[in-house]
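Data block below; observations after.
The values are calculated or read from the model by the stated rules, or taken from the named source; none is laboratory data. Note that the coordinates shown come from a computational prediction; the quantities given were computed from them, not determined experimentally. Neighbour counts run over all protein chains shown; Cβ positions are idealised from the backbone, glycine included. These area figures cover heavy atoms from the full protein model, side chains too; ligands, DNA and RNA do not enter into them. Shrake-Rupley method; radii C 1.70, N 1.55, O 1.52, S 1.80 Å.
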Amino acid sequence: MVDMATRAFERATMAARRGESRGEPAARPAGQRAYLAIRAGILGGDFPPGGFIEEGQACDLTGLSRTPVREALTRLAAEGFVEIHPRRGAMVRPLLGSELRDLLEVRRMIESHAIRRICEDRRAIPARLYAICETREAAAPDDLLSSVEINTQFHHGIVETAGNGVLTKAYEGLHASLGRASMLSLQMKFGDSDLIDREHRELLDALSAHDAEEALAILQRHLRPIPQLMAVLPS
């Protein structure tokens, strides 16, 4: 467990360095560093569902004190990654098939509404969404964590473009479980990265033309459930 978690922290550190090279803040607060390291371990499967992340162990692995680690675990609990159990630590929440079905339904509702609003209001599509596509297409095939993070940024950006702050906040609540599902799909090679990239481009083109019917059709294809993934998740 320690070796796997150590590798998770090392991967998170490398991810932070890549972010710094893209112009992101170089000096991250200790709580943020702990959050990124533990979150990377959960997404990467180094902290398996149902397992516990002990506070002391997390301190040893990250080289940080209990205060930022506790802050990180509290944030991860609020986002739905873990459940805090007194005197035992933070348990990584299992992702259930029934939960994922419900999440996908809500996700389709939110993103479909965002698409309609963008097209009805004839809102401009931010250039950064095309830049996100380029970043994802240029990412190393084996950098699954970056792929998941970039995918989250893309879809979040579409919802944000609709201009409804409450809706955007509600959508953020889906990120944790959807990110874990995306990571599992990539790890088990259920998804087609090239197809995802093409559909992202097609979706942006339809939105730029304010063609709601075409954009919604692309979204429905893009967010279709993956039967193989549903089959491996506990019910």
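Counting only protein chain heavy atoms and rolling a 1.4 Å probe, the accessible areas of Lys189, Lys169 rank, largest first, as Lys189, Lys169. Taking each residue as 0.36 nm, the span from Ile84 to Ala170 lengthens on full extension beyond its C-alpha to C-alpha distance by 28.7 nm.
Would you work out if the range 156-235 is rounded, prolate or oblate? Take a ≥ b ≥ c from the square roots of the eigenvalues of the alpha-carbon gyration tensor; rounded if a/c is under 1.5, else prolate when a/b is larger than b/c, oblate otherwise. Cα axes put the range 156-235 in the oblate bin.
Which distance in Å, rounded to a whole number, links the C-alpha centroids of the range 112-153 and the range 32-109? Spelled out, the Cα-based centre of one part sits 25 Å from the other. With every protein chain in place and a 1.4 angstrom probe, the accessible-area ranking of Glu202, Glu213, Glu71, largest first, reads Glu213, Glu71, Glu202. Working value for the chain: equivalent-ellipsoid semi-axes of 32, 20, 17 Å, each the square root of 5 times a Cα gyration tensor eigenvalue, largest first.
Across the range 38-65, no residue has a backbone nitrogen under 14 Å from the label position 7 Å along the beta-carbon direction of Thr74. With every protein chain in place and a 1.4 angstrom probe, the accessible-area ranking of Met183, Met91, Met109, largest first, reads Met109, Met91, Met183.
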